[in-house]
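Notes for the one structure printed next.
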Amino acid sequence: MPAIVPPSAPAPVLAPPEESATDSYVAPEWKVEEEDPGPKPAPVREFDGVAEAVLELEGTSGGTTSLFAEPMSHINEAVKLGRIQEAAEMAEQTVAQATVALGPQHPEVLKLRELTAYIAYLAGDALRSFHLSLDLAGLRHRMRDQRAAYGNIQSAAAAWRAVRDPLQGLHLGRELIAVWTDLAADAGPAADDLEQLEKARTRMTRLTDRARALDSAPYAHGQ
């Protein structure tokens with residue numbers, strides 16, 4: 001089975017000023033997260049399952065070769081070579097084809113959509129990555145897959161943090177926190193990690209302050 005190699009020098013996405021004045025927010029590495037050997041599941045992280053999706057779709061599942069092994073191989077190669085925009089376009093096309101062939105809730109389709117969200121994030125399209133990840137979180141929540149849903153929430157939050165405009169950040173943040181709060185109301189990793197939800201709410205306060213400061217700045221209204 002082909003090994004997943006980190007993309008060569010993916011373009012970092014700079015954090016908004018209120019997150020850090022000196023550090024840049026770098027996209028997560030393309031790698032397989034190791035599972036906790038103990039009885040407690042490994043922590044849910046942003047873009048969980050992305051490398052796993054590539055490994056499974058490039059190879060076999062239950063002894064049956066994936067219908068999308070070849071396009072996945074091309075996508076993976078493009079990412080490894082740093083051709084992120086090309087990979088993003090191929091991922092979008094593959095998702096559309098897989099949805100028609102397998103249905104929107106098929107496991108392969110969901111993993112492909114996660115991969116598309118991750119590649120959009122690498123490509124600097126934070127808005128696209130956010131909406132893809134948040135939609136997956138809501139769907140996975142309705143499917144009662146709480147762990148996967150929380151991974152998608154974390155991915156949406158990563159994309160949200162890359163949005164610099166405070167007004168847009170507030171709009172997206174309200175959507176994010178609404179889905180996140182619903183998820184945290186049920187037993188699962190979201191309920192066990194309420195600190196992350198509180199951090200998101202705290203960022204909303206900072207964004208509100210920034211938006212007010214911009215609105216009251218000289219010439220803010222074209223004067």
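The values are calculated or read from the model by the stated rules, or taken from the named source; none is laboratory data. Quantities reported herein were computed from a predicted structural model and do not represent experimental measurements. Ideal geometry is used to build each Cβ from the backbone, glycine not excepted, and the neighbour counts take in all protein chains shown. Accessible surface is based on the protein model in full, side chains and every heavy atom, while ligands, DNA and RNA are left aside. Shrake-Rupley method; radii C 1.70, N 1.55, O 1.52, S 1.80 Å.
A few points about this structure:
- Subset of the stretch 108-141 (residues that are open to solvent by 30 Å² or more (accessible area, probe 1.4 Å) and of a type in the set (D, E)): E108, D125, D135
- Restricted to the stretch 103-121, and to residues there that are touching a residue at least 40 places away in the same chain (Cβ under 8 Å) and over 10 Å from the mean Cα position of the chain (by Cα), the residue that is farthest from F47 (Cα to Cα) is E108.
- The single condition among (1) within 30 Å of K80 (Cα to Cα); (2) open to solvent by 60 Å² or more (accessible area, probe 1.4 Å) that D209 does not meet is (1).
- Residue check for A78: in contact with a Leu (Cβ under 8 Å, 6 or more places away or on another chain) and small (G, A, S): no
- Test: residue in the stretch 66-73 that is modelled with pLDDT of 85 or more and touching a Lys or Arg at 6+ places or on another chain (Cβ under 6 Å): no
- Of all the listed residues (A126, A157, A149, A162), the sole one being farther than 29 Å from L81 by Cβ and of a type in the set (A, V, I, L, M) is A149.
- Tabulated pairs, the stretch 157-176, first open to solvent by 60 Å² or more (accessible area, probe 1.4 Å), second of a type in the set (G, A, S), C-beta under 6 angstrom, 6+ apart or interchain: L167/A211
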